[in-house]
1. List the pairs whose first member sits in the stretch 38-52 and is over 16 Å from ARG5 (Cα atoms), whose second member is at pLDDT 85 or above and more than 16 Å from the ligand (Cβ to nearest atom), and whose Cβ atoms are under 6 Å apart, counting only residues at least 6 apart or on separate chains?
2. Any idea which of (1) exposed (fewer than 11 other Cβ atoms within 10 Å of the Cβ); (2) modelled with pLDDT under 90 is the one PRO61 doesn't satisfy?
3. Taking interchain pairs and intrachain pairs at least six residues apart, which have beta carbon atoms under 6 angstrom, with the first residue in the stretch 3-17 and under 16 Å from GLY40 (Cα atoms) and the second of a type in the set (Gly, Ala, Ser) and modelled with pLDDT of 90 or more?
4. Please specify each residue of the stretch 15-26 satisfying the condition of being at pLDDT 95 or above and among the charged types (D, E, K, R).
5. Can you name the residue in the stretch 43-58 that is surrounded by 11 or more Cβ atoms within 10 Å (Cβ to Cβ) and within 16 Å of the ligand (Cβ to nearest atom) and is also nearest to ALA22 (Cα to Cα) among such residues?
6. Select from the stretch 59-81 the residues that are assigned to a helix (DSSP H, G or I) and acidic (Asp, Glu) and write down the one among them that is farthest from the ligand (Cβ to nearest atom).
7. Does ALA31 meet the test of being away from the ligand (no atom under 16 Å from the Cβ), surrounded by 13 or more Cβ atoms within 10 Å (Cβ to Cβ) and either at pLDDT 85 or above or aromatic (Phe, Trp, Tyr) (or both)?
8. Mind checking which residues of the stretch 34-46 are at pLDDT below 80 and of a type in the set (Asp, Glu)?
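The values are calculated or read from the model by the stated rules, or taken from the named source; none is laboratory data. Keep in mind that what you see is a predicted model, and the values were worked out from it rather than measured. Cβ atoms come from the backbone with ideal geometry, glycine included; neighbour counts cover every protein chain shown.
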Amino acid sequence: MQLWRGRMMGQIPEPLFGRLSAAGYRSRTLAAIGRALQDGELLRGEVERCPNCGHKLRVRPDIPQAAIKIVSDWLEEQDGGKAPREP
Ligand SMILES: [Zn+2]
(Lines give C-alpha, C1' and ligand atoms only; values in the text may rest on other atoms or scores of the structure.)
Protein backbone atom coordinates (compact mmCIF):
# COMPACT_ATOMS: atom_id res chain seq x y z
CA MET A 1 0.00 0.00 0.00
CA GLN A 2 2.78 2.44 0.90
CA LEU A 3 4.62 1.62 -2.32
CA TRP A 4 1.46 2.02 -4.35
CA ARG A 5 0.79 5.41 -2.76
CA GLY A 6 4.32 6.54 -3.40
CA ARG A 7 4.11 5.56 -7.02
CA MET A 8 0.75 7.30 -7.51
CA MET A 9 1.94 10.42 -5.70
CA GLY A 10 4.89 10.44 -8.09
CA GLN A 11 2.43 11.06 -10.93
CA ILE A 12 1.75 14.55 -9.58
CA PRO A 13 4.00 17.24 -11.08
CA GLU A 14 6.01 18.98 -8.39
CA PRO A 15 4.41 22.46 -8.54
CA LEU A 16 0.95 20.92 -8.23
CA PHE A 17 2.13 18.62 -5.47
CA GLY A 18 3.37 21.71 -3.63
CA ARG A 19 0.00 23.42 -3.88
CA LEU A 20 -1.84 20.37 -2.68
CA SER A 21 0.37 19.78 0.30
CA ALA A 22 0.22 23.49 1.15
CA ALA A 23 -3.56 23.08 1.17
CA GLY A 24 -3.14 20.31 3.72
CA TYR A 25 -3.79 17.20 1.65
CA ARG A 26 -2.00 14.10 2.79
CA SER A 27 -0.88 10.85 1.20
CA ARG A 28 -4.24 9.12 0.81
CA THR A 29 -5.74 12.03 -1.14
CA LEU A 30 -2.51 12.73 -3.00
CA ALA A 31 -2.33 9.11 -4.13
CA ALA A 32 -5.91 9.29 -5.38
CA ILE A 33 -5.08 12.48 -7.28
CA GLY A 34 -1.98 10.89 -8.79
CA ARG A 35 -4.04 7.96 -9.99
CA ALA A 36 -6.66 10.33 -11.38
CA LEU A 37 -4.01 12.27 -13.30
CA GLN A 38 -2.62 9.04 -14.67
CA ASP A 39 -5.90 7.78 -16.05
CA GLY A 40 -7.55 11.15 -16.62
CA GLU A 41 -10.54 10.47 -14.38
CA LEU A 42 -10.62 13.17 -11.72
CA LEU A 43 -14.14 12.42 -10.60
CA ARG A 44 -13.79 8.71 -10.13
CA GLY A 45 -14.45 7.32 -6.72
CA GLU A 46 -14.04 4.10 -4.85
CA VAL A 47 -16.88 1.79 -5.81
CA GLU A 48 -18.54 -0.02 -2.93
CA ARG A 49 -20.03 -3.32 -3.95
CA CYS A 50 -22.55 -5.60 -2.36
CA PRO A 51 -20.61 -8.42 -0.63
CA ASN A 52 -23.24 -10.95 -1.70
CA CYS A 53 -23.85 -10.34 -5.36
CA GLY A 54 -21.25 -7.72 -6.24
CA HIS A 55 -23.60 -5.15 -7.65
CA LYS A 56 -22.59 -1.52 -7.28
CA LEU A 57 -23.91 0.06 -4.09
CA ARG A 58 -22.46 3.53 -4.34
CA VAL A 59 -19.37 5.44 -5.33
CA ARG A 60 -17.45 7.14 -2.56
CA PRO A 61 -15.46 10.00 -4.10
CA ASP A 62 -11.85 9.74 -2.97
CA ILE A 63 -10.85 13.27 -3.91
CA PRO A 64 -12.49 16.23 -2.11
CA GLN A 65 -14.11 18.88 -4.31
CA ALA A 66 -11.66 21.55 -3.14
CA ALA A 67 -8.71 19.38 -4.20
CA ILE A 68 -10.29 18.73 -7.60
CA LYS A 69 -10.56 22.50 -7.98
CA ILE A 70 -6.85 22.97 -7.28
CA VAL A 71 -5.96 20.27 -9.80
CA SER A 72 -8.24 21.55 -12.56
CA ASP A 73 -7.08 25.14 -12.06
CA TRP A 74 -3.53 23.92 -12.38
CA LEU A 75 -4.29 21.85 -15.48
CA GLU A 76 -5.93 24.86 -17.08
CA GLU A 77 -2.84 26.97 -16.40
CA GLN A 78 -0.72 24.30 -18.10
CA ASP A 79 -2.94 24.31 -21.18
CA GLY A 80 -2.69 28.10 -21.34
CA GLY A 81 1.10 27.90 -21.16
CA LYS A 82 1.41 25.29 -23.89
CA ALA A 83 -1.13 26.63 -26.36
CA PRO A 84 -1.71 30.35 -26.02
CA ARG A 85 -4.99 31.37 -27.58
CA GLU A 86 -3.82 34.83 -28.56
CA PRO A 87 -1.30 34.94 -31.41
ZN1 LIG B 1 -26.52 -7.58 -3.44
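1. From the stretch 38-52, the pairs are LEU42/ALA36; LEU42/ILE68.
2. Unmet for PRO61, out of (1) exposed (fewer than 11 other Cβ atoms within 10 Å of the Cβ); (2) modelled with pLDDT under 90: (1).
3. MET8/ALA31; MET8/GLY34; MET9/ALA31; MET9/GLY34; GLN11/GLY34; ILE12/GLY34
4. Of everything in the stretch 15-26, just one residue is at pLDDT 95 or above and among the charged types (D, E, K, R), namely ARG19.
5. Across the stretch 43-58, the extreme among qualifying residues is GLU48.
6. That would be GLU77.
7. Considered against the rule, which asks whether it is away from the ligand (no atom under 16 Å from the Cβ), surrounded by 13 or more Cβ atoms within 10 Å (Cβ to Cβ) and either at pLDDT 85 or above or aromatic (Phe, Trp, Tyr) (or both), ALA31 comes out as yes.
8. Listed by number, the residues that qualify are GLU41, GLU46.
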